1. Among (1) open to solvent by 20 Å² or more (accessible area, probe 1.4 Å); (2) among the β-branched types (Val, Ile, Thr); (3) touching a residue at least 12 places away in the same chain (Cβ under 8 Å), where does THR101 come up short?
2. How many residues are within 19 Å of GLY7 (Cα to Cα) and modelled with pLDDT of 95 or more when one looks only at the stretch 58-72?
3. Report the residue count in the stretch 41-52 for those that are in contact with a helix residue (DSSP H, G or I) (Cβ under 7 Å, 6 or more places away or on another chain), over 20 Å from THR27 (Cα atoms) and outside any strand (DSSP E or B).
4. Going through the stretch 32-72 one residue at a time, which ones are under 16 Å from ASP89 (Cβ atoms) and among the aliphatic types (A, V, I, L, M)?
5. Which of the residues that make up the stretch 73-93 are open to solvent by less than 20 Å² (accessible area, probe 1.4 Å) and either farther than 21 Å from GLY25 by Cα or touching a residue at least 60 places away in the same chain (Cβ under 8 Å) (or both)?
6. When the stretch 82-92 is examined, which residues are found to be farther than 20 Å from GLN38 by Cβ and either of a type in the set (S, T, N, Q) or part of a helix (DSSP H, G or I) (or both)?
7. Can you tell which of SER107, SER123, SER56, SER70 is surrounded by fewer than 18 Cβ atoms within 10 Å (Cβ to Cβ), among the polar types (S, T, N, Q) and within 12 Å of the chain's Cα centre (by Cα)?
Amino acid sequence: VQLQASGGGLVQAGGSLRLSCAASGLTFSIYAMAWFRQAPGKEREFVAGINWSGRSTYYLDTMKGRFTVSRDNAKNTVFLQMNGLKPEDTAVYYCAAQLDTGRVFKSNNVDYWGQGTLVTVSS
């Protein structure tokens, strides 16, 4: 299984980025997908998640209204649109897959991790 994340980079505060994660080696449409992030010196935290069909999405409260998660099951890809970025959003962002059995999104429930993509927001 491979989860290949891309789209990170350097952006000014208030700017936008769109992360993508292309999955291979798994039956993508039966997995819930999520984005986590880890800032320097901090624990990895859940950012956003989406169920297998894309009909249900979940966000950390501080992300609501700024971040949007979506997926394209035909292309085995999940996206994270990030708007209104703040310096505190600086982190390595990881995509993650967990078999969609209704479990909450948390690190211990993740079946597969991507390699991470760095997002840096300058003030």
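1. (3)
2. If we filter the stretch 58-72 for residues that are within 19 Å of GLY7 (Cα to Cα), which is where we start, we get 63, 66-72.
Now restrict to residues that are modelled with pLDDT of 95 or more: 66-72.
Count: 7.
3. Step one: of the stretch 41-52, the residues in contact with a helix residue (DSSP H, G or I) (Cβ under 7 Å, 6 or more places away or on another chain) are 44, 47-48, 52.
The next check asks that each one be over 20 Å from THR27 (Cα atoms); those that pass are 44, 47-48.
Still in the list and also outside any strand (DSSP E or B): 44.
Here the count works out to 1.
4. Of everything in the stretch 32-72, those that are under 16 Å from ASP89 (Cβ atoms) and among the aliphatic types (A, V, I, L, M) turn out to be ALA39, VAL47, ALA48, LEU60, MET63, VAL69.
5. LEU80, MET82, LEU85, ASP89, ALA91, TYR93
6. So the first thing to find is which residues in the stretch 82-92 are farther than 20 Å from GLN38 by Cβ, and the list is 83-84.
The answer is ASN83, and nothing else.
7. Values: SER107 fails: within 12 Å of the chain's Cα centre (by Cα); SER123 fails: within 12 Å of the chain's Cα centre (by Cα); SER56 fails: within 12 Å of the chain's Cα centre (by Cα).
SER70 is the lone residue from the list that is surrounded by fewer than 18 Cβ atoms within 10 Å (Cβ to Cβ), among the polar types (S, T, N, Q) and within 12 Å of the chain's Cα centre (by Cα).
Let's see how each residue does on (1) farther than 19 Å from GLN115 by Cα; (2) open to solvent by 30 Å² or more (accessible area, probe 1.4 Å); (3) in a strand (DSSP E or B); (4) touching a residue at least 24 places away in the same chain (Cβ under 8 Å):
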site: ALA22; (1), (2), (3), (4): no, yes, yes, yes
site: LEU26; (1), (2), (3), (4): no, no, no, yes
site: MET33; (1), (2), (3), (4): no, no, yes, yes
site: ARG37; (1), (2), (3), (4): no, no, yes, yes
site: THR62; (1), (2), (3), (4): yes, yes, no, no
site: CYS95; (1), (2), (3), (4): no, no, yes, yes
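The values are calculated or read from the model by the stated rules, or taken from the named source; none is laboratory data. Model, not experiment: these values are computed from the prediction. No Cβ is skipped: glycine too gets one built from the backbone with ideal geometry, and neighbour counts run over all protein chains shown. Each accessible area value is taken on the protein alone, full model and side chains, heavy atoms only, with ligands, DNA and RNA left out. Shrake-Rupley method; radii C 1.70, N 1.55, O 1.52, S 1.80 Å.
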